[in-house]
Amino acid sequence: MAREGKINGVRHEYSNGKTNGTLARANGHHKNGKHALKENWRDNFIETFEQTPLFVAVLTYLGYAILVVIGHIRDFLRTIGIEKIKSCTEPKSPGFVPLYQSWESFYTRNLYRRIRDCWNRPIASVAAAEMDVLQRATDDHGWNFSLTGEKKHVMNFGSYNYLGFSQNTGPCADAVEKAVEKFGVSSCGSRQELGYTDLHRELDDLVAEYLGVEDAITVPMGFATNSMNMPALVGHGSLILSDELNHASLILGSRLSGATIRTYKHNNMKDLEKKLCDAVVHGRPRTHRPWKKILIVVEGVYSMEGSIACLPDVIRLKKKYKAYVYLDEAHSIGAMGPHGKGVVDYFGLDPREIDIMMGTFTKSFGAAGGYIGGKKSIINHLRISSHAAIYSSTMPFCVIQQVLSSMKIMMGKDGTDEGRKRIQQLKWNTRYFRRRLYDMGFILYGNVDAPLVPMLIYVPARVIAFSRLCLERGLGTVVVGFPATPIIESRARFCLSAAHTKEMLDKALSIIDEVGTILHLKYSRQPPPVFSEKDIELIQVHRFLY
């Protein structure tokens with residue numbers, strides 16, 4: 001059962017996982033340079049997952065039902081030759097089962113095709129705080145698109161440019177240009193076959209220093225950092241306990257490892273402990289022999305939900321049951337914590353308590369690739385055994401230099417406080433943007449400190465209308481629906497950046513408010529979450545550093 005308590009005079013409901021109210025927890029902090037996790041870290045840790053209103057759920061199911069019925073009618077018309085078949089189809093061979101005829105292909109052909117203009121929009125500029133979107137037109141109802149030659153300048157609230165480093169001017173761009181002139185484009189080799197240079201070693205050392213771990217290894221692709229390295233860490237006879245909302249790269253890496261996989265409810269520590277206890281007591285199925293390893297796999301910030309992992313509780317359970325923790329900080333490194341070092345920094349934890357620290361350079365650092373940090377013995381094992389180290393080429397020199405330059409700015413090694421300013425600006429933008437949306441009456445998911453802000457829209461027709469109307473008014477954002485989300489939890493997802501000014505935020509909020517009123521998207525019936533006095537002061541003081 002849920003446990004109730006009072007914070008700032010307001011009653012809240014505490015539980016693990018999704019609830020219909022507000023979850024109140026808190027972050028830790030660093031004190032005098034030492035890691036100091038506060039015992040009452042939950043007090044200001046605020047996450048909201050408001051339940052879908054009943055009438056909206058019914059309307060959403062009805063909308064999808066109508067689309068499915070129309071899709072089947074049009075498929076029937078195609079089979080009898082009345083309507084042309086423009087999609088890829090597989091010939092019906094007698095005695096053979098179709099290779100790809102499925103619900104996914106039906107959905108793509110009859111539903112997604114009608115709304116393709118809301119995705120895959122080509123841009124003709126850097127994906128910074130503002131961007132130029134190329135206009136497209138279709139004369140066959142979304143089967144094909146052609147460029148009109150026109151551009152639309154819009155605010156960019158759909159890119160993972162958390163710290164504003166995705167620029168083609170400035171110190172990072174200048175350093176990248178010099179690196180290409182000096183080193184060329186790429187080494188064209190793997191780590192084990194003449195592809196590893198001094199610049200790669202410098203990046204490994206700097207990442208290890210930034211994270212506060214013994215050593216680190218870098219990989220040229222973020223997705224492959226998980227999928228290619230996890231099989232080198234666990235295998236047959238091992239158990240992976242994975243959060244149900246983990247990213248596809250973690251799921252693929254877990255499957256490729258050959259280990260047994262069990263999922264637990266998102267951020268539900270009771271469910272996680274139950275599965276840990278069961279694994280320790282009963283061991284492997286049938287033989288009941290002990291598991292070779294038990295690996296808990298979590299993300300720092302869940303990009304689709306805007307939720308933050310309850311990392312202190314995960315570490316507590318890890319120690320209690322002698323398990324290991326694999327932490328994916330793709331969306332939290334650089335964007336979370338007082339020093340921008342991810343959720344470990346956010347909670348004031350010691351990074352040495354995390355066995356495997358994974359992250360990517362594609363978000364906060366405006367580059368590409370990923371890293372894994374940890375003990376030197378683990379990293380040396382990955383250098384020898386990982387598919388990513390054996391078969392793939394190393395990171396291009398221009399990408400390495402972009403990461404080195406941006407990371408040094410974050411660490412203050414450039415002699416300025418630019419990194420600190422960007423971190424503070426991103427935190428301010430996040431709190432301010434979320435607070436305004438809460439006050440407007442929208443249903444938001446996730447943590448008040450997460451720079452990803454999912455706003456629930458639900459009804460499929462309104463999802464598309466929201467994307468199109470926002471773009472017309474100068475706001476570029478991302479809308480997400482089935483199958484990327486549950487069928488009744490379609491949403492818009494705003495990605496905040498340190499490069500967004502208050503004027504941009506206010507203009508975006510005005511557009512969202514206007515479109516939300518037109519489409520009747522203000523579904524919330526819950527009071528906004530309670531911000532502490534310190535948080536309110538942070539939001540109200542218009543101190544813009546960047």
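The values are calculated or read from the model by the stated rules, or taken from the named source; none is laboratory data. Predicted model, so just to flag it, every value in this text is computed and none were measured. Using ideal geometry, Cβ is built from the backbone for each residue, glycine included, and neighbour counts are taken over all protein chains shown. Accessible surface is based on the protein model in full, side chains and every heavy atom, while ligands, DNA and RNA are left aside. Shrake-Rupley method; radii C 1.70, N 1.55, O 1.52, S 1.80 Å.
Say a paramagnetic label sat at a point 7 Å from the Cα of residue 190, along Cα to Cβ; which residues of segment 394-412 have their backbone N under 20 Å from it? Once the point is set 7 Å along Cα→Cβ of residue 190, 394-397 turn out to lie under 20 Å by backbone N, inside segment 394-412.
Would you please put 434-440, 53-59 in order of how densely packed they are, using the mean number of other Cβ atoms within 10 angstrom per residue and starting with the highest? Mind showing how you got there, number by number?
Details: 434-440: 19.3, 53-59: 13.6.
The densest-packed peptide leads the list: 434-440, 53-59.
DSSP beta bridges confined to the chain are antiparallel in about 70 percent of cases. With a simple spin-label model that places each label point 7 Å from the Cα along the Cα-to-Cβ direction, the separation between residue 322 and residue 439 comes to 5.4 nm.
Annotation: amide H of residue 355 within the under-5 Å range of 325, sequence separation 5 or more or interchain, hydrogens built in the peptide plane.
I'd like to compare 452-461, 87-96, 248-257, 187-196: which one has the highest average count of other Cβ atoms within 10 Å, and what's the full order after that? Mind dumping the intermediate values first?
Working: 452-461: 22.7, 87-96: 8.6, 248-257: 19.6, 187-196: 15.8.
Order by mean packing, descending: 452-461, 248-257, 187-196, 87-96.
Mean residue ellipticity, 222 nm, helices only, the chain: the sum of -39500 (n - 2.57) across DSSP H runs of n ≥ 4, divided by residue count and rounded to 500, is -11000 deg cm²/dmol. Carbon-plus-sulfur fraction of the accessible area of the chain, 1.4 Å probe, in percent? The nonpolar share, carbon plus sulfur, comes to 55 percent.
Looking at the chain, the accessible area is 46 square angstrom per residue; that uses a 1.4 Å probe and ignores ligands, DNA and RNA. Using a Förster distance of 51 Å, how high is the FRET efficiency between residue 519 and residue 198, based on the Cβ-Cβ distance and rounded to 0.05? Efficiency, rounded to the nearest 0.05: 0.40. Label-to-label distance, residue 65 versus residue 169, with points set 7 angstrom from Cα along the beta-carbon direction: 5.6 nm. Ligands, DNA and RNA aside, residue 393 has an accessible area near 60 Å² when probed at 1.4 Å. Between the alpha-carbon centers of segment 331-367 and segment 385-410, tell me the distance in whole angstrom. Each part reduced to its Cα centre gives a spacing of 17 Å.
Over the C-alpha trace of segment 50-208, radius of gyration and Dmax come out as 24.4, 65 angstrom. Note on residue 147 and residue 182: the model spin-label points, each 7 Å out from Cα along the C-beta direction, lie 3.5 nm apart.
Tell me, what does the Kirkwood hydrodynamic radius of the chain come to in angstroms if you use every pair of distinct C-alpha atoms? Please report the intermediate quantities before stating the final value.
On the way: mean 1/r = 0.0399 Å⁻¹.
With all distinct Cα pairs of the chain included, I get 25.1 Å.
For segment 402-518, what is Rg from Cα atoms divided by 2.2 N^0.38 Å, rounded to two decimals? Each step should come with its number before you reach the end.
Values: Rg = 16.2 Å, N = 117, 2.2 N^0.38 = 13.4 Å.
That ratio works out to 1.21.
Full extension of the chain between residue 468 and residue 265 gives 69.6 nm of extra length, using 0.36 nm per residue less the Cα-Cα distance.
Applying a DSSP loop filter and a limit of 14 other Cβ atoms within 10 Å to the chymotrypsin sites (Phe, Trp or Tyr not before Pro) in segment 315-414 leaves 391.
Of the residues 399, 448, the one with the largest accessible area comes first in the ranking 399, 448, computed with a 1.4 Å probe on protein heavy atoms.
What length, rounded to one decimal in nm, is gained on full extension from residue 96 through to residue 73, with 0.36 nm per residue of separation minus their alpha-carbon distance?
Values: separation 23, 0.36 × 23 = 8.28 nm, distance 2.52 nm.
Once the chain is fully extended between residue 96 and residue 73, it gains 5.8 nm.
Taking the centroid of alpha carbons for each part, segment 234-255 and segment 260-323 are 11 Å apart.
Taking amide H as placed 1.01 Å from N in the peptide plane, residue 123 has its amide H under 5 Å from the amide H of 134, each at least 5 places away in sequence or on another chain.
Under DSSP H, which helices of the chain have Cα atoms covering 27 Å or more of the helix axis and a Kyte-Doolittle average no less than 0.0? Walk me through the intermediate numbers first.
Numbers: long enough: 54-79 (38 Å, 1.46); 418-440 (33 Å, -1.74).
Both cut-offs are met by 54-79.
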